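Coordinate-derived values only; no laboratory data. Just so it is clear, the model here is predicted, and its values are computed rather than measured. Cβ atoms come from the backbone with ideal geometry, glycine included; neighbour counts cover every protein chain shown.
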Amino acid sequence: MPKCACSELQQERGKFQPVLPSILKKGPAFVKPKLGKATKSVADQATVKKIFPNTYGLPAVSFVKGNNAAVCKKAVRVGVVLSGGQAPGGHNVIGGLLDGLKKANAKNKLFGFLGGPSGIVDNKFVEITPALMKDYRNTGGFDLIQSGRTKIETPEQLAAAKNNLLKNKMDALVVVGGDDSNTNACVIAEYLKQQGVDISVIGVPKTIDGDLKNEHIETSFGFDTATKIYAELVGNIERDMNSARKYWHFVRLMGRSASHITLEVAFKTHPNAVLIGEEVLAKKMTLGQVVNQLVDLIVKRAKAGKNYGIVLVPEGLIEFIPEMKELISALNDALADHEAALAKLSSLAEKKEFILEKLPKKLADLMKSLPAGIASQLMLDRDPHGNVQVSLIETEKLLVEMIKTRLAELKKAGKYTGKFSAITHFFGYEGRCGVPSTFDANYTYALGYNAAVLALNKCTGYLSSVKNLTKKSQDWVCGGVPLTMMMNIERRKGKEKPVIKKALVELKGKPFMHLAKVRAAWATEDLFVFPGPIQFFGPAVVTDITTVTLQLEAGKKIK
Ligand code: FBP
């Protein structure tokens with residue numbers, strides 16, 4: 001394993017000791033699980049129960065003080081895997097897990113499966129010792145053991161995973177992932193139970209997208225840091241724009257489906273316009289209507305002498321526009337149904353021609369009306385979980401092209417005299433491996449430590465839950481939430497599948513309602529905020545601040 005080169009900041013940050021919730025502070029011997037009521041899945045209960053007969057309906061678990069020294073007597077071996085997209089704080093999950101295990105029994109061992117879930121199937125792992133962990137504490141990235149998007153689902157993959165876990169005498173597996181990876185964790189937990197194998201599977205809620213949340217998971221880790229990084233960049237652009245006053249900036253922000261990242265970055269920076277995919281869907285807006293809404297703003301600002309502005313666009317926007325959603329869903333099915341035939345065609349152009357013939361005429365016409373680049377991007381391979389790779393679809397460029405055309409029409413009709421010079425940006429990968437904020441450093445450490453406690457208590461099919469997050473980390477509440485509780489049935493790769501339901505932006509939720517109140521003023525009055533970089537040292541008011549989303553959800557008032 002290569003030793004990483006350390007920057008000055010990393011060396012100083014390495015000394016930071018995350019603050020554990022008080023309940024976990026004395027160690028796993030002093031906390032006992034308290035079981036809540038039996039749970040049910042968020043939807044499609046009968047179907048989910050049938051697919052997960054052994055892990056369905058488990059009670060939620062909370063940890064309370066108590067003597068539980070018995071769980072520390074036998075030395076255990078635990079495997080950990082990082083799954084899916086990177087998110088700041090992954091290394092601290094591993095650090096917390098290691099420290100929780102070692103605190104319980106110095107003979108406990110932690111192993112990291114390499115390269116994501118494929119490492120379990122291929123039996124590639126490394127022991128994570130305190131010495132190895134040392135250089136990775138409080139750092140961004142997943143490079144200690146890397147990540148991957150392999151989905152363990154075929155009978156062969158499941159059997160290989162089981163055999164490798166047994167061969168390595170593992171007592172538990174911790175899967176650090178988003179909604180799809182944790183769905184997969186539940187599939188593995190259920191499979192092991194069905195096979196009579198006594199190995200616990202615990203999930204940890206990771207994703208910068210912020211769409212893995214519910215009453216027990218107030219936020220997924222990484223969201224805090226990633227949105228702070230994007231907000232710094234957006235704030236810098238706003239200041240540049242406000243200095244030069246000659247460009248319109250269109251910034252697409254990551255967040256595959258939900259628009260939480262865009263909403264949070266908007267709260268931190270007050271852009272002139274912010275598109276929220278969930279609102280576009282609820283209002284059943286066409287692409288043309290989305291464009292016209294932006295054109296109206298550009299014309300209005302031009303009349304006030306402002307030929308500049310900034311628009312935030314969620315990367316998942318395209319999937320929320322009803323006509324595009326229908327097209328993408330038909331494309332998903334057609335690509336899955338004709339996989340073999342498509343594999344024989346070599347160029348993307350040939351594949352596109354082939355697929356156009358398989359689509360209903362209305363959708364084929366829509367596809368043909370899109371700029372060639374965008375139509376090709378819609379055809380790209382789905383990820384192993386069946387998701388469209390929206391990070392590769394340049395929606396911001398599509399919007400700019402359509403806006404230019406509309407403004408030219410208005411100019412011809414004498415209804416617009418301004419100048420429109422647009423610059424596009426995409427911020428995604430820039431934020432996924434940043435140095436975790438103090439919030440994420442503490443949160444991820446607590447999630448990992450808590451996962452160790454769940455594993456020692458033989459809980460299986462649970463997601464590590466640490467809540468009460470707007471309070472100081474000492475006051476955070478720890479426990480586990482059953483993975484099946486979050487599931488529903490969705491169509492993936494042309495088939496109905498059980499998956500953890502994504503938490504989208506709620507239009508009746510406090511964060512969106514707040515946006516609805518303030519955005520008209522942001523549109524015209526230039527109330528930009530320049531948040532600057534994440535602070536790791538200094539007054540708590542700048543180092544310990546949590547997201548506006550969390551604060552609003554907790555009922556706090558925001559200016
Ligand atoms: P996870 O849900 O696995 O955390 O990943 C989310 C994400 O960062 C999205 O925001 C983005 O669309 C996608 O990953 C990009 O995927 P990839 O890393 O495969 O390019």
**Fill in**
Expressed as a whole-number percentage, the relative contact order of the stretch 27-67 with C-alpha contacts under 8 angstrom and at least six residues apart is 62 percent
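Given the stretch 333-427, report the % of alpha carbon pairs whose separation exceeds 21 Å.
Values: 2102 of 4465 pairs.
Within the stretch 333-427, distances greater than 21 Å cover 47 percent of Cα pairs.
Averaging over all projection directions, find the projected area of the Cα convex hull of the stretch 197-351 and quote it in nm² with one decimal place. Show your work: numbers first, answer last.
On the way: hull surface 58.0 nm².
The orientation-averaged projected area of the Cα hull of the stretch 197-351 comes to 14.5 nm².
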**Item:** Relative contact order for the chain, counting Cα pairs under 8 Å that sit 6 or more residues apart, in percent
**Value:** 24 percent
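Taking every DSSP beta bridge that has both residues in the stretch 17-110, what percent is antiparallel when rounded to the nearest 5?
Values: 6 of 8 bridges.
Within the stretch 17-110, antiparallel bridges account for around 75 percent of the total.
Roughly how big is the stretch 267-345's charge dipole about its Cα centre, with Cβ charges of +1 (Lys, Arg) and -1 (Asp, Glu), in debye to the nearest 20?
It comes to approximately 720 debye.
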**Request:** Could you tell me how many degrees, from 0 to 90 and to the nearest 10, lie between the Cα long axis of helix 260-269 and the main elongation axis, the longest principal axis, of the Cα atoms of the chain?
**Result:** 70 degrees
**Prompt:** With the dipole of the chain worked out from charges on the C-beta (+1 for Lys and Arg, -1 for Asp and Glu) around the Cα centre, which of Thr417, Ala244, Val548 lies farthest toward the positive end?
**Reply:** Val548
**Asked** Across the stretch 357-450, how many lysine pairs separated by 8 or more positions, or lying on different chains, have Cα atoms within less than 21 Å?
**Response** 9
**Asked** If the viscosity is 0.890 mPa s and the temperature 25 °C, what Stokes-Einstein diffusion coefficient in µm²/s follows for the chain when Rh is the Kirkwood radius over Cα pairs?
**Response** 100 µm²/s
**Item:** Estimated vicinal HN-Hα couplings, Hz - the stretch 191-204 in sequence order (Karplus 6.51, -1.76, 1.60; Gly, Pro = x)
**Value:** 4, 5, 4, 4, 7, x, 9, 8, 10, 7, 10, 10, x, 10
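Classify the stretch 1-129: rounded, prolate or oblate, from the alpha-carbon gyration tensor (a ≥ b ≥ c, eigenvalue square roots; a/c under 1.5 rounded; otherwise prolate if a/b is larger than b/c)?
Details: a/c = 1.83, a/b = 1.31, b/c = 1.39.
Because a/c hits 1.5 or more and a/b fails to exceed b/c, the stretch 1-129 counts as oblate.
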**Gap separating the Cα centres of the stretch 1-48 and the stretch 321-347, nearest whole Å** = 39 Å
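Quick one: in the stretch 386-457, what % of C-alpha pairs are over 14 Å apart?
Working: 1951 of 2556 pairs.
Here the long-distance tail beyond 14 Å is 76 percent of all Cα pairs in the stretch 386-457.
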**Asked** Assigning unit charges at the beta carbon (Lys, Arg +1; Asp, Glu -1) and nothing else, what dipole magnitude in debye, to the nearest 20, does the chain show about its Cα centre?
**Response** 1140 debye
**Item:** Estimated translational D of the stretch 288-362 in µm²/s (Stokes, Kirkwood radius over Cα pairs; 20 °C; 1.002 mPa s)
**Value:** 139 µm²/s
**Asked** Over the Cα atoms of the stretch 159-198, what Rg and Dmax result, in angstrom?
**Response** 10.2, 28
**Farthest toward positive dipole pole in the stretch 333-466 [+1 Lys/Arg, -1 Asp/Glu at C-beta], among Ala455, Phe354, His338** = Phe354
**Prompt:** Going by alpha carbons, how many degrees (0 to 90, nearest 10) lie between the helix axis of 287-303 and the longest principal axis of the chain?
**Reply:** 60 degrees
**Asked** Per residue, what volume in Å³ does the convex hull of the Cα atoms of the stretch 87-157 enclose?
**Response** 97 Å³
**Message:** Between helix 223-244 and the chain, what is the angle of the helix's C-alpha long axis to the longest principal axis, kept within 0 to 90° and rounded to the nearest 10?
**Reply:** 30 degrees
**Fill in**
Pseudo-spin-label distance Lys65 to Asn163, built 7 Å along Cα→Cβ, given in nm, is 5.0 nm
**Prompt:** At each listed q (0.10, 0.17, 0.18, 0.20 Å⁻¹), what is the log10 of I(q)/I(0) that the Debye formula gives for the stretch 447-559 modelled as equal alpha-carbon point scatterers?
**Reply:** -0.52, -1.11, -1.15, -1.20
**Message:** Treating only the Cβ of Lys, Arg, Asp and Glu as charged (+1, +1, -1, -1), what charge dipole size does the stretch 145-293 show about its Cα centre? Round to the nearest 20 debye.
**Reply:** 440 debye
**Message:** Taking 8 Å as the Cα distance limit and 6 or more residues as the minimum spacing, I'd like the relative contact order of the stretch 294-401 as a percentage.
**Reply:** 25 percent
